[in-house]
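Enquirer: Right, I'll just put the structure down here and ask away after.
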């Protein structure tokens with residue numbers, strides 16, 4: 001029996017994929033198809049994959065051409081698979097010609113001509129692009145423009161910066177918000193937190209999709225109203241917390257929930273930066289609060305028994321805030337500061353060990369699981385490009401395409417973040433220091 005193996009993403013399975021699989025199968029008697037995992041694709045820079053791993057596996061399975069389907073999860077797996085399955089022939093499209101010659105040491109390598117004019121990239125590009133408008137501080141908008149260039153299916157059409165600055169003349173510079181909304185299908189809002197409710201509501205009333213930097217607004221009631229409005233007008237309303245879209249962050253949360261460190265009793269999250277106070281400054285609670293609250297609400301939920309907010313303000317600005325939460329059988333603490341500097345680490349403590357994420361944990365591509373026996377410590381690496389902005393924008397595009405909000409940040413978390421911020425400004429559970 002001659003065994004053949006091939007690999008691919010197989011996103012939006014098309015006739016080119018099927019033709020390649022047919023020719024691969026014709027090379028032998030038994031065909032193994034390796035489908036790349038989502039995380040592995042991200043690490044290779046392929047962030048525009050439209051379908052989940054299971055959707056892609058089901059599509060390949062439905063062709064009836066694969067005798068066995070496996071998942072490719074790490075660099076160097078091809079050699080392991082060839083040895084494990086006693087493969088005779090490795091084959092892949094001719095656009096990779098020469099790339100896998102090193103595998104000739106383990107089996108025969110065959111490059112197959114691809115079907116011309118057909119690719120998943122071209123199919124994604126042919127889809128109607130979402131016209132995106134940007135509102136907010138110029139420096140933030142330029143960063144979003146740069147990161148959005150890595151995402152298919154979206155086009156920055158218009159911008160409305162809060163200060164005079166130079167933008168490429170291919171972008172329409174709106175003089176007011178109504179003018180901006182008239183030019184776009186969706187808007188990314190990076191305005192001041194006290195303006196979020198007004199900006200989001202106006203966009204939703206005009207049936208525009210919204211991605212807004214957290215917190216979405218400064219009260220849970222306003223947040224609930226916006227969620228209901230988005231549903232009524234069939235619009236996507238997403239909260240922008242870049243950390244939520246990081247592969248490393250999602251992996252550590254999954255490991256913690258799976259009991260890797262046992263029962264979790266404590267979470268400590270710190271996010272700080274030193275910034276000069278001015279009219280454009282977000283308070284510490286708005287600038288860093290949503291990010292620091294994310295792992296607490298993700299792991300412990302939003303039904304805490306009590307909380308204590310300790311804050312220090314200067315000239316009306318929240319310079320430093322510490323919040324302690326008490327749950328039924330656990331505690332959590334966060335420290336946020338826009339005028340106080342500390343080690344920006346995340347520590348999740350359990351009965352078997354603890355997860356340690358070094359500073360800056362909110363942009364992590366690396367974390368450790370540490371045990372009493374240090375010989376058992378485990379280290380995890382996941383490449384992060386562009387601080388997570390491109391993954392956030394990609395999720396927004398996918399949510400619009402599928403007509404539903406994707407669950408990186410669930411509604412309870414969004415509402416609870418707004419509630420904590422609301423309590424802060426209403427001096428509920430607040431102790432001034």
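Computed from the coordinates by the stated procedures, all read-outs in this text should not be read as laboratory data. Just so you know, these numbers come straight off a predicted model, no measurement behind them. Neighbour counts run over all protein chains shown; Cβ positions are idealised from the backbone, glycine included.
Enquirer: What's the ranking of 327-338, 208-219 by average number of surrounding C-beta atoms within 10 Å, highest first?
Expert: For the peptides 327-338, 208-219, the packing ranking is 208-219, 327-338.
Enquirer: Any chance you could run the full-extension gain for residue 195 through residue 58? It's 0.36 nm times the residue separation minus the Cα-Cα distance, nm to one decimal.
Expert: Separation in residues times 0.36 nm, less the Cα-Cα distance, equals 44.8 nm.
Enquirer: Any chance you could give the angle, 0 to 90 degrees and rounded to 10, that helix 15-25 forms with the longest Cα principal axis of the chain?
Expert: Around 50 degrees separate the two axes.
Enquirer: Which percent of the Cα-Cα distances in the stretch 145-218 go past 18 Å?
Expert: Roughly 41 percent, once rounded to a whole number.
Enquirer: On the Cα set of the stretch 171-254, report Rg and Dmax in Å, please.
Expert: Considering the stretch 171-254 through its Cα atoms, Rg and Dmax are 14.0, 45 Å.
Enquirer: Determine, for each peptide in 81-91, 299-309, the mean count of other beta carbons within 10 angstrom over its residues, then list the peptides with the highest first.
Expert: 81-91, 299-309
Enquirer: Once both axes come from the Cα atoms, what is the angle between helix 289-300 and the longest principal axis of the chain, in degrees from 0 to 90, rounded to 10?
Expert: The two axes meet at around 60 degrees.
Enquirer: Calculate, axis by axis, the spread of Cα positions in the stretch 206-281 along the three principal axes, and write the results as whole Å, longest axis first.
Expert: Principal-axis extents of the stretch 206-281 (Cα, largest first): 47, 38, 24 Å.
Enquirer: Can you pull a Stokes-Einstein diffusion coefficient for the stretch 244-432 at 25 °C (0.890 mPa s), Rh from Kirkwood over Cα pairs, as a whole number of µm²/s?
Expert: For the chosen part, D equals 141 µm²/s.
Enquirer: Using only the alpha-carbon atoms, how far is helix 247-257 inclined from the longest principal axis of the chain? Give it as 0 to 90 degrees, nearest 10.
Expert: 80 degrees
Enquirer: Next question. Taking every alpha carbon pair in the chain, what does the distance histogram look like in 20 angstrom bins from 0, in percent?
Expert: Spelled out bin by bin, the chain gives 23, 50, 25, 2 percent.
Enquirer: Show me 424-431, 179-186 ranked by packing, highest mean number of other Cβ atoms within 10 Å first.
Expert: Listed from highest to lowest mean packing, they are 179-186, 424-431.
Enquirer: Would you work out the relative contact order for the chain, in percent, from Cα pairs under 8 angstrom that are 6 or more residues apart?
Expert: 13 percent
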